[in-house]
Amino acid sequence: MYNSHMDSWFINSIFAMLAFGGMQALLKLPAAKGYDKSIYSSLGFIVAASLSFVFFRNDISLDVSTIFYGFVWGSINTVYFLLQMTILKKLDTSTSFPITSLGSHVLVVLIGVFIFGDILSLPQTLALVGTFLLIGFYNHSKKHITLSNGLIPITLGIIVSSTLIKFIQKIGSASSVAGNYIFWQLFFAAVAS
């Protein structure tokens with residue numbers, strides 16, 4: 001049975017994954033080339049907000065709830081980007097992203113368990129413990145993120161901001177038309193940058 005809505009959703013998901021992956025990879029550029037990370041972040045979000053305006057202009061409205069969630073997401077996401085660019089000045093992406101990405105996923109699961117009362121199955125619990133061990137062993141063997149080099153607070157900031165972004169994204173996207181929410185997110189990220 002052909003489902004055009006499903007195909008559209010799947011294609012958009014693939015496009016979003018590729019765009020986000022490319023954007024994350026480009027965070028290393030300011031550190032590698034010595035560019036000003038604030039200007040780089042601002043220009044990136046201005047371009048993204050402009051493109052979202054072009055593509056979603058028919059969906060954009062002055063919905064207070066959407067604007068609020070867009071403002072919060074845009075502000076926290078800007079902090080996240082600046083922290084990522086800061087840590088990438090000292091670490092390779094292959095060192096930073098596994099630790100920060102896994103760390104934020106673990107924090108999301110822990111919040112689900114302790115705040116929302118989610119119950120983990122035995123395999124999920126073992127995977128969570130395994131993730132803690134993997135992060136610990138990986139960082140211990142490489143000694144990249146330590147208190148002495150000042151990267152622990154930056155790493156924790158990345159993990160916390162990434163986690164907050166995920167929750168705000170979920171709440172905001174559920175309360176608005178997707179195009180409207182995307183525009184306000186990117187607009188406020190550009191302003192915050």
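In order along region 161-168, the Karplus-derived 3J(HN,Hα) couplings, from 6.51 cos²θ - 1.76 cosθ + 1.60 at θ = phi - 60°, round to 5, 4, 5, 4, 4, 4, 5, 5 Hz, and Gly and Pro are given as x. Amide H contacts under 5 Å for Leu91: none, restricted to partners 5 or more places along the chain or on a different chain, H placed in the peptide plane at 1.01 Å from N. What the phi angles of region 41-49 give under the Karplus curve with 6.51, -1.76 and 1.60, with θ = phi - 60°, is a coupling list of 5, 4, 4, x, 6, 5, 5, 5, 5 Hz, glycine and proline written as x.
Across the chain, Cα pairs under 8 Å and at least six residues apart give a relative contact order of 45 percent.
In region 10-114, Cα pairs under 8 Å separated by at least six residues give a relative contact order of 39 percent. Evaluating 6.51 cos²θ - 1.76 cosθ + 1.60 at θ = phi - 60° for every residue in region 59-67, the Karplus couplings come out as 8, 6, 9, 8, 7, 4, 4, 5, 4 Hz, glycine and proline recorded as x. Carbon-plus-sulfur accessible fraction, the chain (probe radius 1.4 Å, protein heavy atoms only): 73%. A 1.4 Å probe run over the protein chains yields, for the chain, 60 Å² of accessible area per residue, whole-number rounding.
Among the lysines of the chain, pairs at least eight places apart or on separate chains and with Cα atoms under 29 Å apart come to 25.
The values are calculated or read from the model by the stated rules, or taken from the named source; none is laboratory data. Just so it is clear, the structure is predicted and the values come from calculations on it, not from any experiment. Each accessible area value is taken on the protein alone, full model and side chains, heavy atoms only, with ligands, DNA and RNA left out. Shrake-Rupley method; radii C 1.70, N 1.55, O 1.52, S 1.80 Å.
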